[in-house]
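Asker: Sharing a structure, written as structure tokens. Questions coming.
The values are calculated or read from the model by the stated rules, or taken from the named source; none is laboratory data. Everything numeric in this text was worked out from a predicted model, so none of it was measured. Heads up, the Cβs are rebuilt from the backbone with ideal geometry, glycines too, and the neighbour counts pull from every protein chain shown. When the accessible area is computed, the model is the full protein with side chains, heavy atoms only, and any ligands, DNA or RNA have been set aside. Shrake-Rupley method; radii C 1.70, N 1.55, O 1.52, S 1.80 Å.
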Amino acid sequence: MLQKQPPASEKPDIASWFRTYSDHLHSEPYSFYAYLLEHEPLCYVEESNFWVASRYEDVNRVLKDPLFVREYRNAVPERQPKELPPPSKEWRPVNELLDNWMLFRDAPAHTRLRGLVSHAFTPRKMERLKPKIRSIAEHLADRIANEQQPDLIASFAFPLPVIVIAELLGVPPEDRELFKDWSNTFAKVLEGGDRPPEFVRQAGRAAEDIAEYFRRLIAERKSTPREDMISDLLAAQVQADALTEQELIATCVLLLVAGHETTVNLIGNSVLVLLNHLEQHARLLESPELTASAVEEVLRFESPVQMTSRLASVDYDIGGQTIRQGQSVNVMLGAANRDPAQFERPDRFDIRRSPNRHLAFASGSHFCLGAPLARIEGEIALAALLERFPQMRLADSKPNWRSNILFRGLESMHVRF
Ligand code: HEM
């Protein structure tokens, strides 16, 4: 475990922490965050030319201020394009998708892309999905009821959001297995860092295959529309600013990856945290009306997405330090959510916490589009599990965290009932 306050001579090498984060820190990032919050809340990592922001106030500011952008060409328009080496042929299919993700675009492209799909994710639409999600959760719970020590991630937390997003999009259920590997590869792409040639080839192939898959599905829905999101988006294509086919494909992939890589962590982390805090678990069993509030606290306490990044489009001053135009800032959502300046006793898990204005879904213009869906899925999943298995306990002695710097979630979690 990291020292909270090392002597000056042992000042930690933050660049190396980041390099090894996936390998070591992913299992216990919180002492790293506590160190950052206390000693280096906004620190510059020279070796990698990026900044790390961890305080709630700074993270929120970077995410909300339009002077911080996602596209390099908007951060330093005058330096385009000669400074950026062209992507390799193998990587190009990956970029073709990512370049059309709203997540990586700035206004006006971002506003347009988001506007064209946001109507599908309104809280009212999500409310209507509740009975369907409940029946999926109950069916999955039935299936594990007689197992000895089921892996709750593989048998419940993973399939639930995947079935839901596949149904929403209109992906045939039998194709779901295909997406597991593709989505996993994209989770690694998003993490960034070193990209050995073998991974570049694998990611390029995955991007080509998934794009081809959706191209075919879109063609099918064009000729025979159904009641699903792809058909809805196709119907909206008569509008002047409608999604192009490439944008539609990229959006489907984004929703699918978002549906695969995040909510599974919310469900898994909820169970883990509750079973590690049995007094809170008992309180929730007694007062199931606290489920929504418990989900918010899990989002804060074990945030499924730990960080994101932005680029400064001007020289930007924060507390006397200047982030230079074009420099990248890693904003540590997981650290901001443990900032004692924002949250009283931040390391305490409290399902009644109020107020709880966490940043698990980020903030500003890129605030998670799927948040209403994720919240409903989290609540229904937790309620179904607690109702069905009130005596559930962990069977693993140590949590088996996925080695990923971005997504905080468990590889597996065996439980007993
Ligand atoms: C607990 C589950 C989830 C968490 C913690 C989460 C977290 C986030 C975060 C932090 C962002 C902002 C990233 C940034 O600003 O750089 C984001 C964006 C986004 N999320 Fe989620 N997400 C979750 C579930 C979902 C689901 C289920 C969907 C849809 C199926 C979804 C779709 C999106 C989309 C489309 C964006 C991009 C929004 C934009 O760029 O305007 N998310 N999410």
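Asker: Within 30 Å of Arg393 (Cβ to Cβ) and open to solvent by 20 Å² or more (accessible area, probe 1.4 Å): is that true of Arg128 in this structure?
Answerer: no
Asker: I would also like to ask the following. Mind checking which residues of the range 334-353 are over 21 Å from Leu274 (Cβ atoms) and surrounded by 19 or more Cβ atoms within 10 Å (Cβ to Cβ)?
Answerer: Scanning the range 334-353 gives Ala335, Ala336, Asp339, Gln342.
Asker: Return yes when Phe121 is of a type in the set (Phe, Trp, Tyr), under 17 Å from Pro372 (Cβ atoms) and either within 10 Å of the ligand (Cβ to nearest atom) or open to solvent by less than 20 Å² (accessible area, probe 1.4 Å) (or both) and no when it is not.
Answerer: Considered against the rule, which asks whether it is of a type in the set (Phe, Trp, Tyr), under 17 Å from Pro372 (Cβ atoms) and either within 10 Å of the ligand (Cβ to nearest atom) or open to solvent by less than 20 Å² (accessible area, probe 1.4 Å) (or both), Phe121 comes out as yes.
Asker: For Gly268, indicate whether it is at pLDDT 95 or above and in a loop (DSSP other than H, G, I, E, B).
Answerer: Numbers: at pLDDT 95 or above: yes; in a loop (DSSP other than H, G, I, E, B): no.
So Gly268 fails the test.
Asker: Another question, if that's okay. Which condition breaks for Ala312 when tested against (1) modelled with pLDDT of 95 or more; (2) open to solvent by 30 Å² or more (accessible area, probe 1.4 Å); (3) more than 9 Å from the ligand (Cβ to nearest atom)?
Answerer: (2)
Asker: Now, a different point. From the list Phe68, Phe50, pick out the single residue that is open to solvent by less than 20 Å² (accessible area, probe 1.4 Å) and closer than 25 Å to Phe186 by Cα.
Answerer: Step by step, each of Phe68, Phe50 is checked, and only Phe68 is open to solvent by less than 20 Å² (accessible area, probe 1.4 Å) and closer than 25 Å to Phe186 by Cα.
Asker: Open to solvent by 20 Å² or more (accessible area, probe 1.4 Å) and modelled with pLDDT under 95: does that describe Asn356? So that I can check it myself, show each step before the final result.
Answerer: Working: open to solvent by 20 Å² or more (accessible area, probe 1.4 Å): yes; modelled with pLDDT under 95: no.
It is false that Asn356 is open to solvent by 20 Å² or more (accessible area, probe 1.4 Å) and modelled with pLDDT under 95.
Asker: Here's something else I'd like to know. Scanning the range 233-256 for residues that are out of contact with any Leu (no Cβ under 8 Å at 6 or more places or on another chain) and part of a helix (DSSP H, G or I), which turns out farthest from Lys180 (Cα to Cα)?
Answerer: The qualifying residue farthest from Lys180 (Cα to Cα) is Val238.
Asker: Here are Arg226, Arg216: which of them is open to solvent by 10 Å² or more (accessible area, probe 1.4 Å), outside any helix (DSSP H, G or I), away from the ligand (no atom under 16 Å from the Cβ) and modelled with pLDDT of 90 or more?
Answerer: Details: Arg216 fails: outside any helix (DSSP H, G or I).
Answer to the check: Arg226.
Asker: Of everything in the range 98-116, what is open to solvent by less than 60 Å² (accessible area, probe 1.4 Å), among the aliphatic types (A, V, I, L, M) and farther than 24 Å from Ala203 by Cβ? Give them in sequence order.
Answerer: Passing the criteria: only Leu116.
Asker: Tally time: how many residues in the range 335-362 are under 15 Å from Val298 (Cβ atoms) and acidic (Asp, Glu)?
Answerer: Qualifying residue count for the region: 2.
Asker: Against the conditions (1) more than 10 Å from the ligand (Cβ to nearest atom); (2) assigned to a strand (DSSP E or B); (3) open to solvent by less than 50 Å² (accessible area, probe 1.4 Å), where does Glu411 fall short? Just the number, please.
Answerer: It fails just one condition, (3).
Asker: List the pairs whose first member sits in the range 357-370 and is outside any loop (DSSP other than H, G, I, E, B), whose second member is near the ligand (Cβ under 6 Å from one of its atoms) and among the basic types (Lys, Arg), and whose Cβ atoms are under 9 Å apart, counting only residues at least 6 apart or on separate chains?
Answerer: From the range 357-370, the pairs are Ser365/Arg114; His366/Arg114.
Asker: Another question, then. Go through (1) touching a Lys or Arg at 6+ places or on another chain (Cβ under 9 Å); (2) within 16 Å of the ligand (Cβ to nearest atom) and name the single condition Pro346 misses.
Answerer: That leaves (2) as the condition not met.
Asker: Does Ala395 count as within 12 Å of the ligand (Cβ to nearest atom), farther than 24 Å from Ala335 by Cα and over 14 Å from the mean Cα position of the chain (by Cα)? Reasoning before the result, please.
Answerer: Numbers: within 12 Å of the ligand (Cβ to nearest atom): no; farther than 24 Å from Ala335 by Cα: yes; over 14 Å from the mean Cα position of the chain (by Cα): yes.
So Ala395 fails the test.
Asker: Among the residues of the range 297-309, which ones are in a helix (DSSP H, G or I) and either within 11 Å of the ligand (Cβ to nearest atom) or of a type in the set (A, V, I, L, M, F, W, C) (or both)? If you could, list the steps in order and put the result at the bottom.
Answerer: So the first thing to find is which residues in the range 297-309 are in a helix (DSSP H, G or I), and the list is 297-301.
Selection gives Val298, Leu299, Arg300, Phe301.
Asker: Within the bounds of the range 96-116, is there any residue that is more than 30 Å from Gln239 (Cβ to Cβ) and either at pLDDT 95 or above or not basic (Lys, Arg) (or both)?
Answerer: No - not one qualifying residue is present in the range 96-116.
Asker: Let me ask another. Could you run through the range 18-34 and say how many residues are of a type in the set (Phe, Trp, Tyr) and either open to solvent by 30 Å² or more (accessible area, probe 1.4 Å) or in contact with a Pro (Cβ under 7 Å, 6 or more places away or on another chain) (or both)? Reasoning before the result, please.
Answerer: Here is the first cut: in the range 18-34, the residues of a type in the set (Phe, Trp, Tyr) are 18, 21, 30, 32-33.
From the residues that got through so far, the ones that are either open to solvent by 30 Å² or more (accessible area, probe 1.4 Å) or in contact with a Pro (Cβ under 7 Å, 6 or more places away or on another chain) (or both) too are 30.
Count: 1.
Asker: On the given criteria, is Ala120 of a type in the set (Gly, Ala, Ser) and part of a helix (DSSP H, G or I)?
Answerer: yes
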